[in-house]
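Step one of this worksheet: look at the structure below.
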Amino acid sequence: MIQVTVVDRDGTENTIEVPTDINLSLMEILKASEYDILATCGGMALCATCHIQIIEGLNNLPEASDQELDMLDTLPDADGQSRLACQLHLHPSNNGMKIKLKGSLQ
């Protein structure tokens, strides 16, 4: 199990425990944990409604794909810590990661 701290849009923080043997994206994990994420495109990196900011642990993530970077470029509030949760699969090296939800609710 790894632990990920999630800062919701209202500033509340919760830690979720994620089994390392499941093949789900971070977006799917967040939705299963009842976070309000639209994920309009179903995880295809086409809508950016699962936009997150990596507060801690960015260096333990793989590089973003060109498609993910292209989508992030369309967001006015994206920065160097921005990622799409649908494009991230967690591994033991991501234990202790802290993220902030940024994606649109509409």
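The values are calculated or read from the model by the stated rules, or taken from the named source; none is laboratory data. If you're wondering where the values come from, they're calculated on a predicted model, not measured in any experiment. Using ideal geometry, Cβ is built from the backbone for each residue, glycine included, and neighbour counts are taken over all protein chains shown.
Scan 19, 76, 92 and give me the residue that is free of Cβ contacts under 8 Å to residues at least 60 places away in the same chain, of a type outside the set (Asp, Glu) and more than 13 Å from residue 103 (Cα to Cα). It would help to see each step written out before you state the result.
Working: 76 fails: more than 13 Å from residue 103 (Cα to Cα); 92 fails: free of Cβ contacts under 8 Å to residues at least 60 places away in the same chain.
Answer to the check: 19.
Just one of 101, 88 is out of contact with any Gly (no Cβ under 7 Å at 6 or more places or on another chain), hydrophobic (A, V, I, L, M, F, W, C) and either exposed (fewer than 13 other Cβ atoms within 10 Å of the Cβ) or closer than 15 Å to residue 38 by Cβ (or both); which is it? Full working, then the answer.
Numbers: 88 fails: either exposed (fewer than 13 other Cβ atoms within 10 Å of the Cβ) or closer than 15 Å to residue 38 by Cβ (or both).
Step by step, each of 101, 88 is checked, and only 101 is out of contact with any Gly (no Cβ under 7 Å at 6 or more places or on another chain), hydrophobic (A, V, I, L, M, F, W, C) and either exposed (fewer than 13 other Cβ atoms within 10 Å of the Cβ) or closer than 15 Å to residue 38 by Cβ (or both).
Just one of the numbered conditions (1) over 16 Å from residue 93 (Cα atoms); (2) surrounded by fewer than 14 Cβ atoms within 10 Å (Cβ to Cβ) is not true of residue 59; which one?
(1)
If the requirement is being in a loop (DSSP other than H, G, I, E, B) and within 12 Å of the chain's Cα centre (by Cα), which of these qualifies: 55, 37?
One residue alone meets the criteria, 37.
Across region 11-20, what is the number of residues that are over 18 Å from residue 57 (Cβ atoms) and at pLDDT below 95?
Of all residues in region 11-20, those over 18 Å from residue 57 (Cβ atoms) come to 11-12.
Still in the list and also at pLDDT below 95: none.
Final tally of qualifying residues: 0.
From the list 54, 37, which one is touching a strand residue (DSSP E or B) at 6+ places or on another chain (Cβ under 9 Å), crowded, with 18+ Cβ neighbours inside 10 Å, at pLDDT 95 or above and β-branched (Val, Ile, Thr)? Walk me through it before giving the result.
Values: 37 fails: at pLDDT 95 or above.
Among 54, 37, only 54 is touching a strand residue (DSSP E or B) at 6+ places or on another chain (Cβ under 9 Å), crowded, with 18+ Cβ neighbours inside 10 Å, at pLDDT 95 or above and β-branched (Val, Ile, Thr).
Could you tell me which of the residues 3, 67 is more than 13 Å from the chain's Cα centre (by Cα), assigned to a helix (DSSP H, G or I) and at pLDDT 95 or above?
Details: 3 fails: assigned to a helix (DSSP H, G or I).
Among 3, 67, only 67 is more than 13 Å from the chain's Cα centre (by Cα), assigned to a helix (DSSP H, G or I) and at pLDDT 95 or above.
Only one of (1) within 11 Å of the chain's Cα centre (by Cα); (2) modelled with pLDDT of 95 or more is not met by residue 90, so which one is it?
Residue 90 satisfies all of (1) within 11 Å of the chain's Cα centre (by Cα); (2) modelled with pLDDT of 95 or more except (2).
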